[in-house]
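A quick write-up on the structure given underneath.
Read the figures in this text as sums done on the coordinates, not as results from a lab. Keep in mind that this is a model prediction, so the values were computed, not measured.
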Amino acid sequence: ADAQQTVHSSTTAVTQDTASHEWTLPGTYNVTLAVFDGQCTETSADVQVIASTPPPGAGWINGTVTDAVSGTPISGATVSASPGGYTQGTNAAGHYSISVANATYTVTVTAGLYLTKSQSNIVVTPGGASVVDFALTPNFGWIAGTVTSTAGGPISGAAITIYGNGQKFALPTNAQGKYNWTVAVGTYSVQASANGYTAVNKTGQTASVGATTLVDFALTPVPAGGAGISATVYVGIGLAVIVAIAAIAVFLRARRRRADEQSKIEVPPRQ
């Protein structure tokens, strides 16, 4: 049966600290977390947690995942321990803790925009905790640039589309016509479009680790009233109209000539 307990506990923590509590009996518990920094109004939240009994001989693998360059924690990274298929994500502080059976493991962590990393021969003893921290190497760069008009001035709100490596991103330019986007290392195509302008696409744009690839655009305004029709199309339409007018003129002249010829034919009088 579910156990009912009322537990009063408090701790002082700073941003990104973690706290833990151990229940003596398994069951479902309602937990209230209250936070007060001495300045703002106290904030609280209620959550429901399930406390279960660890399997016999279980231990833990825990640690923190950070950026190898900046040292900042990486949240949402996936940490897995094999054999056994144990998996858990890191929290906002980059921390994880996995309950595993007594054995030797290979621990692997993956995160978007970072290189995957593994550590082998991690031994877990009954009731023990093995600390396995990771510092992941960034695998991303930036694609940035400015969109302007050939008539002069930046284009605000232009649509930028970045696609490649099986991914596609869409974003607008700011008031200065600028854009900036973080992408995984690789080669991309970048397109810029805006109302009243001819779209431009640039291929083969390579993003490198920790670097910014500049891709600027100068868009040409569409001729007034042209709705995007090119000069070649205008010429084609003009030629077609001229040919049609000439054909009609030839037809009318031929018809008038036949009428004149028929009016000159003499009809013999009746006998």
query = Which whole number in µm²/s is D for region 88-197 by Stokes-Einstein, with the Kirkwood Rh taken over Cα pairs at 20 °C and 1.002 mPa s?
reply = 121
query = Seen from all sides and averaged, what is the projected area of the convex hull of the Cα atoms in region 140-219, in nm²?
reply = 4.6
query = For Ala129, which sequence-distant residues (separation of 5 or more, or a different chain) have an amide H within less than 5 Å of its own amide H, given hydrogens modelled in the peptide plane?
reply = Trp60
